[in-house]
Amino acid sequence: MTFMDFNGVRLQYESLRAEIDGAILEVLREGRYILGPAMSAFEVEFARYCGAANGVAVASGTDALKIALQALDVGPRDEVLVPAVSAAATAMAVAVIGARPVFVDISAEDFNIDPALCLERRTARTKAVIPVHLYGMPARLKEIARGVPLLEDAAQAHGSDASWGRCGSFGQAAAFSFYPTKNLGTYGDGGMIVTSDSAIARKARLLRNYGQHESYSSEILGENSRLDELHAAILRVKLRRLDEWNGRRRTIALRYREAFRELPLGLQAETGSSNCHLFAVTSPQRDKLRAHLAGLDIPSLVHYPIPLHRQKAFAEFEPARCPNADALCSRVLSLPMHAFLSDVEVDRVIDGVKTFFNRRPGLDASHWQEGF
């Protein structure tokens, strides 16, 4: 049986080898590697793609979150609401600047931060909310945006759309990651803050570069967090293909949803047009299903096995009761999803999942639902 890639990093490069290699060689010939023309052009292009006025390219998605929070004047002892299910970076970016992440449970239907619980957990110290567009599915930002600045964690949502617009265009700012496995990823770390607030953009540019607008003259305390020219050149090539790749992902996701409709699986409720960064299903028999798929040489991963409020790194913060987050992390499984999956491979995944449940006649379609 042929090897199946869980993500498309390797196949994506093969499809664009000549263009990517050419873009890298052009940077090497130019001899400019930091804060150069490729980065500046990519900032403009990606901000425009997101429907924002400004892009500030930084060294990682984590830095994008951290610097955006600082640009929003979040600091020590401030509170920031974050979902209990996300990559650690969402809460880590809050903690490392001295603020306190306040963990909010997720919706059992769409797996994103619960807007009603956001209102309940707000206090006089709440300085911002970081809604995550988990797996690429838009969070319900209009329900969350009530008097507190929004910093969208759009690390998984390049090109996702909702009724309120494109992910990255609604909040005061948004943070993107260009980690290799993202829908738009480079071959290393990279990130960007997008915003239509010129004051936030100006401060973010200072913070990413030693507090400088001019060399050797620091206006404020800053750091070194810049997207280098090689990564920017690669990302410019890939950005031109992003809509095409997202379209293929959506086609695959639709096939999965239709195929699994009669199975006892939970699916993420659709709140907009996800870019289908990940396709997650839920089942109380998650581990057995994963082992079954592995036996068929079908890869799968768990995003995420431990909710943030239960991780040791955040033990010092106020404990949170997040039963939906606990349930999701015990049941969720990500299936292969990328633009280079063939129809034959999609059939293999579908058949693999179906054969697991067909061998268990006690489970029927009445178990299926949107959510857990």
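The values are calculated or read from the model by the stated rules, or taken from the named source; none is laboratory data. Predicted model, so just to flag it, every value in this text is computed and none were measured. Note: ideal-geometry Cβ built from the backbone for every residue, glycine included; neighbour counts use all protein chains shown. The accessibility values were calculated without ligands, DNA or RNA, using every heavy atom of the protein model including side chains. Shrake-Rupley method; radii C 1.70, N 1.55, O 1.52, S 1.80 Å.
Listing for the model above:
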| read-out | value |
| --- | --- |
| Some residue of the stretch 267-276 being more than 30 Å from LEU207 (Cα to Cα), modelled with pLDDT of 95 or more, of a type in the set (Ser, Thr, Tyr) and part of a helix (DSSP H, G or I) | no |
| Failed item in (1) without any contact (Cβ under 8 Å) to a residue 24 or more places away in the chain; (2) open to solvent by 10 Å² or more (accessible area, probe 1.4 Å), with LEU150 passing the rest | (2) |
| Answer from SER342, SER283, SER334 - the residue that is of a type in the set (S, T, N, Q), in contact with a helix residue (DSSP H, G or I) (Cβ under 7 Å, 6 or more places away or on another chain) and either open to solvent by less than 60 Å² (accessible area, probe 1.4 Å) or more than 30 Å from PRO115 (Cα to Cα) (or both) | SER283 |
| Residues located in the stretch 90-131, provided they are surrounded by fewer than 24 Cβ atoms within 10 Å (Cβ to Cβ) and among the hydroxyl-bearing types (Ser, Thr, Tyr) | SER107, THR123, THR126 |
| Subset of the stretch 62-88 that is of a type in the set (Gly, Ala, Ser) and over 20 Å from the mean Cα position of the chain (by Cα) - its residue that is farthest from GLN172 (Cα to Cα) | GLY75 |
| Unique residue being touching a helix residue (DSSP H, G or I) at 6+ places or on another chain (Cβ under 9 Å), free of Cβ contacts under 8 Å to residues at least 40 places away in the same chain and at negative phi when the list is ILE306, ILE234, ILE252 | ILE306 |
| Candidates ARG321, ARG290 - the one that is open to solvent by 10 Å² or more (accessible area, probe 1.4 Å) and not in a loop (DSSP other than H, G, I, E, B) | ARG290 |
| Output for the stretch 24-75, where each listed residue is without any contact (Cβ under 8 Å) to a residue 24 or more places away in the chain and within 20 Å of TYR210 (Cβ to Cβ) | SER40 |
| Matching option when the condition is open to solvent by 50 Å² or more (accessible area, probe 1.4 Å), within 20 Å of HIS158 (Cα to Cα) and modelled with pLDDT of 95 or more, among ALA53, ALA41, ALA18, ALA59 | ALA53 |
| Hits in the stretch 220-231 - residues which are touching a residue at least 60 places away in the same chain (Cβ under 8 Å), out of contact with any strand residue (DSSP E or B) (no Cβ under 9 Å at 6 or more places or on another chain) and not acidic (Asp, Glu) | LEU230 |
| Helices (runs of 4 or more DSSP H) (entirely within the stretch 2-96) containing at least 2 residues that are over 30 Å from VAL349 (Cα atoms) | 17-30, 37-50, 61-71, 89-95 |
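Yes/no matrix, rows are residues, columns are (1) farther than 16 Å from ALA52 by Cβ; (2) modelled with pLDDT of 95 or more; (3) touching a helix residue (DSSP H, G or I) at 6+ places or on another chain (Cβ under 9 Å):
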site	(1), (2), (3)
ASP73	yes, yes, yes
ALA95	yes, yes, yes
PRO101	yes, yes, yes
ARG125	yes, yes, no
GLU152	no, yes, yes
GLN156	yes, yes, yes
GLY168	no, yes, yes
